[in-house]
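A short worksheet on the structure shown next.
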Amino acid sequence: MTEERLAILSVWDKTGICELADGLHKAGLTLVASGGTAVTLREHGLPVKDVSEITNFKEMLGGRVKTLHPAVHGGILARDTTEDCQEMEANQFKYVDVVVCNLYPFRATIANPSCTLEEAIENIDIDSLQGGVTLLRAAAKNHSRVSVLCDPRDYERVLKQIQSGGVSLEERRFLAFKVDSEHWKRRVATGARFGGGDIGVMCGFVAAAAPPR
């Protein structure tokens, strides 16, 4: 029997998510999604498990805590070593091969002159407490095995690789770098919002480090 492998999807921007999820499902991955993402996929007739089905733990704090659980992050961070495989089996956890996650548009929100401090803070909370950043950075850390997608513009290209036998290490490395680049842009924007700095200039330093594509 083929070992069940998971794709975890938790997105704010749902552009192209159903087409990607359909392709991942047809490629043999089990779809696992949080809240609104799961609703969207079901509305399009796609088979999807709620995150709580693999964690055996319901979402809490109004949905702010969804994916922060060893069953999720163990599956993402586990390596293809004998020791990790044994530990995964002992805990009945499944390997996660693909993570698809994008976050609330914090920079766009705070760029609005009418944005209040409370609105900015709520966007940070949505960003961090739901575990989106943690999902992304865990997947980026283990990019030697896991493909992490934070940008809908990458969906079609990566899906074609998956359908052709697997995502190349070069591609996974690029996707991981993209996650880290976006993460630091958000952190810089957060610091600029509360510290009074120039967001455009500060984010420019991070953008300049992005690899050519």
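The values are calculated or read from the model by the stated rules, or taken from the named source; none is laboratory data. In this text the structure is predicted, and so the values were computed from the model without any measurement. Here the Cβ is made from the backbone with ideal geometry for all residues, glycine too, and neighbour counts use every protein chain on show.
Remarks
- Flag for V96 being in contact with a Leu (Cβ under 7 Å, 6 or more places away or on another chain), surrounded by 15 or more Cβ atoms within 10 Å (Cβ to Cβ) and either under 15 Å from V146 (Cα atoms) or at pLDDT below 85 (or both): yes
- Residue pairs meeting the criteria (Cβ under 6 Å; at least 6 apart or on separate chains; first touching a residue at least 24 places away in the same chain (Cβ under 8 Å), in region 166-179; second of a type in the set (S, T, N, Q)): R172/S147
- Taking region 63-87 as the range and being modelled with pLDDT under 85 and either part of a helix (DSSP H, G or I) or farther than 23 Å from V100 by Cβ (or both) as the test, no residue passes.
- Region 143-157, residues that are in contact (Cβ under 8 Å) with a residue 60 or more places away in the chain, surrounded by 17 or more Cβ atoms within 10 Å (Cβ to Cβ) and not in a loop (DSSP other than H, G, I, E, B): L149, P152, Y155
- Enumeration of residues in region 34-62 that are in a helix (DSSP H, G or I), among the acidic types (D, E) and modelled with pLDDT under 95: E53
The rows are residues; the columns are (1) part of a helix (DSSP H, G or I); (2) more than 16 Å from G132 (Cα to Cα); (3) at pLDDT 95 or above.
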{"site": "L159", "(1), (2), (3)": "yes, yes, yes"}
{"site": "V167", "(1), (2), (3)": "no, yes, yes"}
{"site": "F174", "(1), (2), (3)": "yes, yes, yes"}
{"site": "K178", "(1), (2), (3)": "yes, no, no"}
{"site": "S181", "(1), (2), (3)": "yes, no, no"}
{"site": "R187", "(1), (2), (3)": "yes, no, no"}
